[in-house]
Amino acid sequence: MTTDKRVQTMKVEKITVPALRARKATRGRGERIAMVTAYDATFARMVDQAGVDAILVGDSLGMVVQGQHSTLSVTLDEMIYHCRAVMRGTRNAHVVGDMPFMSYQRSHDHALESAGRLMKEGMVESVKLEGGREVAETIYRMVRMGIPVVAHVGLLPQRMHAMGGFKVQGRNNEDAESIVEDAIAVAQAGAFLVVVEGVPADLGAKITRSIEVPTIGIGAGIDCDGQVLVSYDLLGLNDTMRPKFVKTYETLFGRGVDATKSYVDEVRAGTFPGLEHSFAAKKIADSGAAQGERRETDGASDAEVPLTEAHAYGPTH
Ligand code: KIV
């Protein structure tokens, strides 16, 4: 690859808040928005290279990374840690950091402080919080202070106990109307995207028609302006549950088990590591005997793993 070509491929085309806000696909304004979650640098690099528009560092990490039964115990410090990792792996996609349970409910000042930490320490480009009319004022204050906000209505995982579990919301007219009002309130407060989770498809469509900013659906039907999925779900890494709204595009959990079994077998059989995975000892070359010089060489060309900026995790020779 020529230097020019390499520079060209590395060009950063950052997807911005105004660019996303303008993509109201269902009104013919741009393509639908593809968002997925990521929680570390490697996943971020993978989904960024796949061309997603936005990466959500979701508090779903409490479940898929930490193995908890809900998102409730995730702390702001943990979110910041994962946001920083994702930022290191992301070039083009916009990155949203989720505000964990009780990091924005106590007071407006506390909410601003928590969002500020996610942006300053976690380095994300916007924050997401769950709720409708009751968080509209919080969103308004954040947006006025220059903090871009993604809202989240419908099924609210942080309220799973109050909602009686992870249950589809808005199934009757009254509840559906209430969720539409929530979406209108958070959009008017200044949210630039609204995640709509776990509602009937026709309600997802109605919410999308009712607001000017793009909706991002998850279990909310096809008529949203974009979709979001948990990356572990879409890649089939989650072997413990598969909600109806998830489409698994791969079966990485099973493939990972099989690959690891092969490794275990080879270690036990003494066939791994092979010569090609082994380092040669350093040799002392007697190159300048006349002058009495001694020169150290590594004696082999077997150690030439390119040390790229993203691959510097261990010794190469
Ligand atoms: O935490 C998360 O991953 C989310 C998505 C499911 C929208 O909030």
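Every number here is computed from the coordinates shown, using simple stated rules; none is lab data. The structure presented is a predicted model; accordingly, all values stated were derived computationally and were not measured. Don't worry about glycine lacking a Cβ; one is built from the backbone with ideal geometry, like all the others, and counts go over all protein chains shown.
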Neighbourhood charge, 13 Å Cβ-Cβ cut-off, centred on M142 and excluding it, Lys, Arg +1 and Asp, Glu -1:
+1
per DSSP, antiparallel bridges as share of beta bridges in the chain, % nearest 5, sits at 15 percent
So the compactness index of the range 133-276, its C-alpha Rg divided by 2.2 N^0.38 Å, takes the value 1.44
Per-residue ³J(HN,Hα) for the range 146-161, Karplus 6.51 cos²θ - 1.76 cosθ + 1.60, θ = phi - 60°, Hz, x for Gly and Pro
x, 9, x, 10, 9, 8, 8, 10, x, 6, 10, x, 5, 10, 4, 5
About its Cα centre, how strong a charge dipole does the chain have in debye, to the nearest 20, once Lys and Arg get +1 and Asp and Glu get -1 at the Cβ?
540 debye
Listed peptides 245-257, 223-235 by packing density, highest first (mean Cβ within 10 Å):
223-235, 245-257
Per-residue ³J(HN,Hα) for the range 273-278, Karplus 6.51 cos²θ - 1.76 cosθ + 1.60, θ = phi - 60°, Hz, x for Gly and Pro:
x, x, 4, 5, 10, 10
Per DSSP helix of 4 or more residues, -39500 (n - 2.57); summed, then divided by the residues of the chain. What does that give at 222 nm, rounded to the nearest 500?
-10500 deg cm²/dmol
Residue by residue, what Karplus-based ³J(HN,Hα) values in Hz, rounded to whole numbers, does the range 16-24 have, using 6.51, -1.76 and 1.60 with θ = phi - 60° and x for Gly and Pro?
9, 4, x, 5, 5, 4, 6, 8, 8
Pick out, from V96, H277, Q68, the residue whose Cα sits farthest towards the positive end of the charge dipole of the chain, with +1 on the Cβ of Lys and Arg and -1 on the Cβ of Asp and Glu.
V96
Of the candidates E78, E197, E266, which one comes out as most mobile in a Gaussian network treatment of the chain with C-alpha springs shorter than 10 Å?
E266
Non-local residues with an amide H under 5 Å from the amide H of Q68, with H modelled 1.01 Å from N and Pro and chain starts lacking one, are M63
What percentages, rounded to whole numbers, describe P(r) for the chain computed over all alpha carbon pairs with 20 Å bin width beginning at zero?
28, 48, 18, 6, 1
List every residue whose amide H lies under 5 Å from the amide H of L237, counting only residues 5 or more places away in sequence or on a different chain, with H placed 1.01 Å from N in the peptide plane.
L252, F253
